[in-house]
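Undergrad: Submitted below is the structure of interest, expressed as C-alpha cells.
The values are calculated or read from the model by the stated rules, or taken from the named source; none is laboratory data. Note that this is a predicted model, so its numbers are computed, not measured. Cβ placement follows ideal geometry from the backbone for every residue including glycine, while neighbour counts extend to all protein chains displayed.
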Amino acid sequence: MSRRTIIKGALILTIAGIITRVLGFFYRIYMAKTIGAEGMGLYQLITPLYMLVWSLSSSGFSTAMSKLTAQEKARGTEGNVKRILYLSLFFSTALAVASSLVTYFFADEISIHILKDGRTALSLRIISLCFPCMALGSVMRGYYLGLQNTMISAVSQVLEQTVRMAVIYMLSAYMIPKGLEFACAAAVWGMAAGEIISFLYVFLYYMLKNKKGRPPTLEIKGCAAMIMAAAVPLTLNRVTGSLFSTAENILIPDRLQLFGCTQSEALSILGRFSGMAMPLVMFPSSILTALATATMPAISESHALDQYSRIKSTIHQSMTITAIIGAFTSCIFIFFPAEVGILIYSQKQIYEILRLLGIMCPFLYIQVTMSGILNGLGQQLFIFEINLFSSVVNLLAIYFIVPYCGIKGFLMPWIFTTAIITLAAVIRVNSFLKINIPVLGQYIKPALSAVFACLAARLCQSRIWYGADYKYGVMLTLGTAGIIYTYLVFKLKCISREDLRL
C-alpha cells in the first residue's frame, strides 16, 4: 500500500470522524441540556454494557478482518478473503445473538444487581435488539477497510450518527417528560436505530457490488484457525477493557457516595466525567483514530512483505501528527477549561476534570496511534497486558482512594498509568524497528509553541476584547490560539512537506 493510499484513506476517515464527532457534540449538548448531568450519568451506565457486547462480538473480528484482508491481498491470495469474511460473520453474529438474548431476558436482574439502578432495564431491552446488526456491520466494515475502501466505513459512520440524532430528536418531546428512565430509553432507541441503518447500508452495498472471485486456497479449518488466532487476543483485550470500564462506571457513583455525595450528585459527577468531559477530550482523536485505522492494515501488509523502511516512514508520519495535535489540545484544556465548559455545555462545573484530563491528552492520543501500529505488527498480546495493568490500577484507585479524595482519586492515578503504558508502547515499537525519534522537533517544539500560543491568546482575551460577549470572546480566544500555534508549527518546521504529501 502506497503512502498516497494510506493518507487518502486516513483523510476520508478523518472527515467522516470529524463530521460524526461534530454531530455527536450537538447530540451530547442537547442531551446534557435536556436531561441534565444525572440523566447523562444514567445513560453512561448503559454505554459500557453496550461496549462490552461490541467488544465480545465485533471488535476483535472486525480488526482481524481488516488485518487478514490486507495480508491475503498483499500475498496475492484474494480467494481466501471471502471465506474469511463469511466465517467471521458467522462467529461474530453467533456471539451477538447470544448476548442479545441474555440482555433482553435478564434486563431486570442486570439493572438491579449489576448496574445498581432499576431504571436502566427498559434501555437494556431496547439496546439488545441491535446487537446482531452491530456485529454484522462491524465485520463488514473491517472487510472494506482491509481492501482500502474507506469510503464505505466513512459513510456508514456518518449515517449512523445522523440516524441516532434524528431518532432522539423525534422521541424527546414524547419520552423525556415521562422521567429519566424514558429519557435514557429515547437516547438508546437512537443508538439502536443508528446501528441497524448503518448495517443495512453496508449490507446493501456488498450485495450490489459483490463479484465472484478466485477460489480459496485455505480449508475451512485452517481459515477458522487463522481468524481465531488474530481475533481472540483482540477480543480478549477489548472485553477485558469493557469489563473494567463497566466496573468503573458502576463503582464510581457508589464510592463517591462514601466520599459524601448523594446518589444524585454521584451520578451527576459521572455524567460530567464520562458524558461531557471525555467526549470533549477525545474529540480531536477522530483524526488519530482515522489515521490508526488506515495505518493498521498498511503496516500489516508491509510487515507481511518485510518492507520495514515503509513501516518506519508510516510510523514517523503518524507520530508527528499525533504530537502536534496532542500538544495543542492539552494546552487548550489546561489553560481554558472553564471557558470550554461554558462554551460547549453552558456550565463550568467540568473545568477541574477537563484540566486534569488535559494533562493526559498527549498520552491518550499517542496510545490511539500506537494501537494501530502494534496491531499491525501483531502485538495484540502486549496491548492486552498493558491495558490490563492500567485497568487494574484504575479500579483499585476507585475502590480505595475515591472515598477519601473524590473523583480526583480516580483521575490522578489514571494520568500516571496512562503515561506509563504509553511509554511502554513506544519502547515496544522501538525494540522492533529501532526508530530514531526526533524528540526536539516532534515533541518539545510543538509543546513550547502550544504554551506560547495559549499565553498570547490569554493576553489578547484580557487586553483587547475584554468586555465582549462571553462566548464570542471565548471563540475569539481559542481561534487566536489556533492561528498562532499553526503559524509556529510551520515556522519552526515541526512538520515537513513530506509529512503532508499526498
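Undergrad: Under the condition of being free of Cβ contacts under 8 Å to residues at least 12 places away in the same chain and basic (Lys, Arg), which residue from the range 211-225 is farthest from residue 82 (Cα to Cα)?
TA: Looking at residues that are free of Cβ contacts under 8 Å to residues at least 12 places away in the same chain and basic (Lys, Arg), I get 221.
Residues checked against (1) of a type outside the set (A, V, I, L, M, F, W, C); (2) in contact (Cβ under 8 Å) with a residue 24 or more places away in the chain; (3) in a helix (DSSP H, G or I); (4) more than 18 Å from residue 388 (Cβ to Cβ):
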{"position": "227", "(1), (2), (3), (4)": "no, yes, yes, yes"}
{"position": "232", "(1), (2), (3), (4)": "no, yes, yes, no"}
{"position": "235", "(1), (2), (3), (4)": "yes, yes, yes, no"}
{"position": "239", "(1), (2), (3), (4)": "no, yes, yes, no"}
{"position": "244", "(1), (2), (3), (4)": "no, yes, yes, no"}
{"position": "248", "(1), (2), (3), (4)": "yes, yes, yes, no"}
{"position": "254", "(1), (2), (3), (4)": "yes, yes, yes, yes"}
{"position": "265", "(1), (2), (3), (4)": "yes, no, yes, yes"}
{"position": "271", "(1), (2), (3), (4)": "yes, yes, yes, yes"}
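Undergrad: Among (1) more than 23 Å from the chain's Cα centre (by Cα); (2) surrounded by fewer than 23 Cβ atoms within 10 Å (Cβ to Cβ); (3) not small (Gly, Ala, Ser), where does residue 120 come up short?
TA: (2)
Undergrad: Return the residues of the range 229-261 that are surrounded by fewer than 20 Cβ atoms within 10 Å (Cβ to Cβ), of a type in the set (Gly, Ala, Ser) and in contact with a Gly (Cβ under 9 Å, 6 or more places away or on another chain); say none if nothing qualifies.
TA: 260
Undergrad: Give the range 149-192 a look and list any residue that's crowded, with 20+ Cβ neighbours inside 10 Å and of a type in the set (S, T, N, Q), or say none.
TA: 150, 153, 156, 157, 161
Undergrad: So which of 58, 99, 66 ends up being at pLDDT 90 or above, among the small types (Gly, Ala, Ser), in a helix (DSSP H, G or I) and buried (at least 18 other Cβ atoms within 10 Å of the Cβ)?
TA: 99
Undergrad: When you check residue 119 against the structure, is it basic (Lys, Arg) and in contact with a Leu (Cβ under 9 Å, 6 or more places away or on another chain), yes or no?
TA: So residue 119 fits the description; yes.
Undergrad: Residue 148 - would you say it is on the phi < 0 side of the Ramachandran plot and not hydrophobic (A, V, I, L, M, F, W, C)?
TA: The answer is no for residue 148.
Undergrad: Shifting gears a bit: Could you list all residues from the range 226-255 that are farther than 29 Å from residue 403 by Cβ and basic (Lys, Arg)?
TA: Residue satisfying the conditions is 238 alone.
Undergrad: I've got another one for you. Among the numbered conditions (1) modelled with pLDDT of 90 or more; (2) within 30 Å of residue 211 (Cβ to Cβ); (3) crowded, with 20+ Cβ neighbours inside 10 Å, tell me where residue 126 comes up short.
TA: (2)
Per-residue answers, yes or no, for (1) more than 19 Å from residue 231 (Cβ to Cβ); (2) modelled with pLDDT of 90 or more:
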residue	(1), (2)
42	yes, no
70	no, no
83	no, no
88	no, yes
114	yes, no
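Undergrad: For residue 113, all conditions in the list (1) touching a residue at least 60 places away in the same chain (Cβ under 8 Å); (2) over 23 Å from the mean Cα position of the chain (by Cα) hold save one; what is the number of the exception?
TA: (1)
Undergrad: Of a type in the set (A, V, I, L, M, F, W, C), more than 18 Å from residue 447 (Cα to Cα) and surrounded by 23 or more Cβ atoms within 10 Å (Cβ to Cβ), is that true of residue 332?
TA: Criteria not met by residue 332.
For every residue, the table says whether it meets (1) assigned to a helix (DSSP H, G or I); (2) aromatic (Phe, Trp, Tyr); (3) in contact with a Ser or Thr (Cβ under 8 Å, 6 or more places away or on another chain).
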| position | (1), (2), (3) |
| --- | --- |
| 27 | yes, yes, no |
| 47 | yes, no, yes |
| 83 | yes, no, no |
| 87 | yes, no, no |
| 90 | yes, yes, no |
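Undergrad: Residue 366: more than 22 Å from residue 430 (Cα to Cα) and in contact with a helix residue (DSSP H, G or I) (Cβ under 9 Å, 6 or more places away or on another chain), yes or no?
TA: no
Undergrad: Determine which member of the set 198, 153 is more than 15 Å from residue 27 (Cβ to Cβ), under 19 Å from the mean Cα position of the chain (by Cα), modelled with pLDDT under 85 and not β-branched (Val, Ile, Thr).
TA: One residue alone meets the criteria, 153.
Undergrad: Report, by residue number, each residue of the range 110-165 that is under 20 Å from residue 187 (Cβ atoms), basic (Lys, Arg) and assigned to a helix (DSSP H, G or I).
TA: 119, 125, 164
Undergrad: Filter the range 362-399 down to the residues that are buried (at least 19 other Cβ atoms within 10 Å of the Cβ), within 23 Å of residue 68 (Cα to Cα) and more than 17 Å from the chain's Cα centre (by Cα) and list them by number.
TA: Listed by number, the residues that qualify are 376, 377, 379, 380.
Every residue, every condition in (1) at pLDDT below 85; (2) in contact with a helix residue (DSSP H, G or I) (Cβ under 6 Å, 6 or more places away or on another chain), yes or no:
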| residue | (1), (2) |
| --- | --- |
| 267 | yes, yes |
| 277 | no, yes |
| 285 | yes, yes |
| 306 | yes, no |
| 331 | no, yes |
| 354 | no, yes |
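Undergrad: Still on this structure, please answer the following. Restricting attention to the range 451-473, and to residues there that are aliphatic (A, V, I, L, M) and modelled with pLDDT of 90 or more, which single residue is farthest from residue 359 (Cα to Cα)?
TA: That would be 459.
Undergrad: Just to verify a result, which residue in the range 440-493, among those that are among the charged types (D, E, K, R) and in a helix (DSSP H, G or I), is farthest from residue 328 (Cα to Cα)?
TA: Filtering first and then ranking leaves 463.
Undergrad: List the helices (runs of 4 or more DSSP H) that sit entirely inside the range 365-439 and contain at least 3 residues that are modelled with pLDDT of 85 or more, of a type in the set (Gly, Ala, Ser) and closer than 27 Å to residue 329 by Cβ.
TA: The helices (runs of 4 or more DSSP H) meeting that bar are 380-400, 408-433.
Undergrad: Is it the case, given these coordinates, that residue 183 is assigned to a helix (DSSP H, G or I) and either over 21 Å from residue 263 (Cβ atoms) or modelled with pLDDT of 85 or more (or both)?
TA: no
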